[in-house]
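The values are calculated or read from the model by the stated rules, or taken from the named source; none is laboratory data. As the structure is a prediction and not an experimental result, all values here were calculated from the model. Here the Cβ is made from the backbone with ideal geometry for all residues, glycine too, and neighbour counts use every protein chain on show. Please note that ligands, DNA and RNA were not included when accessible areas were found on the heavy atoms of the full protein model with its side chains. Shrake-Rupley method; radii C 1.70, N 1.55, O 1.52, S 1.80 Å.
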Amino acid sequence: MSRLSISPLSLQLWQRRLTIDEADYQACRQLLDSDEHRRAAAITNERSHRRFVASYGMLRNILSQTVGEPPQAIRIHRTEHGKPYLADYPELAFNLSHTGDRLIIAVGRNCRLGIDVETCKPRPNLRALVAKCFAEVEAAWWQALPDSDKNREFYRYWTRKEAFVKATGRGIGQGLHRCVIDPEHPALWLSVPADCGPASGWHTQDLDLGEAVCSAVVADRPIVHVEFISA
């Protein structure tokens, strides 16, 4: 999607729980298109399957409210690398992420947009992940942290990087280590892959969703307002 404006950006952020009863599951299932049904059917784990159905049913309901069309009528297409977009409303940007039973959906206009959310669970392989996914300057900053801070700060960096590669539409195949955050100013990027444009054109905002969760949203316009919507 081309950037139509460099004016500041307002976003809507929808929060939902993916634990739903059978009636809500069936209602969400009725909203999915043939591709979403195919993808849902390929998920053999029952909990993951139901979360996928709930995620896309809820996404369609939210997009329906935004564009004023029935949720079943909304045409969600995917780019070459799998990022969803609306074929009939290319100015509308959206992205979703979930961790456990928590779903986050960000919606904006005339921008490239990505969001990520992660539960900050302890990982035994943090050092290996940092070595693989962080740039040298980021890894040096992380390694100098007190041990008590390492887990949460890892997830802060991880969600920012994930949100960035989701905004570009390229995913982690783009190389998380090539998307370099300024440790002194974590809302700014020191460098990004050349085909993403200048690093100064990308903007990050951390989201406060609770002590055990890290989340960030990234866009190619300055983010001046985020409206949180819960249900």
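Remark: relative contact order (the chain) = 25 percent; criterion is Cα-Cα distance under 8 angstrom and separation of 6 or more residues. Among beta bridges identified by DSSP and lying wholly in the chain, the antiparallel ones come to about 80 percent. The lysines within cross-link reach of K83, meaning a Cα-to-Cα straight distance under 23 Å and a gap of 8 or more places when in the same chain, are K161, K166. At the residue level, D206 shows approximately 60 square angstrom of accessible surface with a 1.4 angstrom probe and all protein chains present. Here are labelled values, (1) 47; (2) 61; (3) 53, and one is the computed percent of Cα pairs over 22 Å apart for what I pasted. Which one? This structure yields the entry labelled (3). Taking amide H atoms as placed 1.01 Å from N in the peptide plane, the amide H of L207 lies under 5 Å from those of S215, A216, V217, each 5 or more residues away in sequence or on another chain. What is the local net charge at P122, summed over the other residues whose Cβ is closer than 11 Å to its Cβ (Lys, Arg +1; Asp, Glu -1)? Computed value for this residue: +4.
Applying the Karplus relation 6.51 cos²θ - 1.76 cosθ + 1.60 with θ = phi - 60° to region 157-171 yields 3J(HN,Hα) values of 5, 4, 5, 5, 5, 4, 4, 5, 5, 6, 5, 6, x, 9, x Hz, where x marks Gly and Pro. Computed with a 1.4 Å probe over protein heavy atoms only, the accessible area of I172 comes to about 100 Å². Each other residue within a Cβ distance under 13 Å of M58 adds +1 if Lys or Arg and -1 if Asp or Glu, for a net charge of +4.
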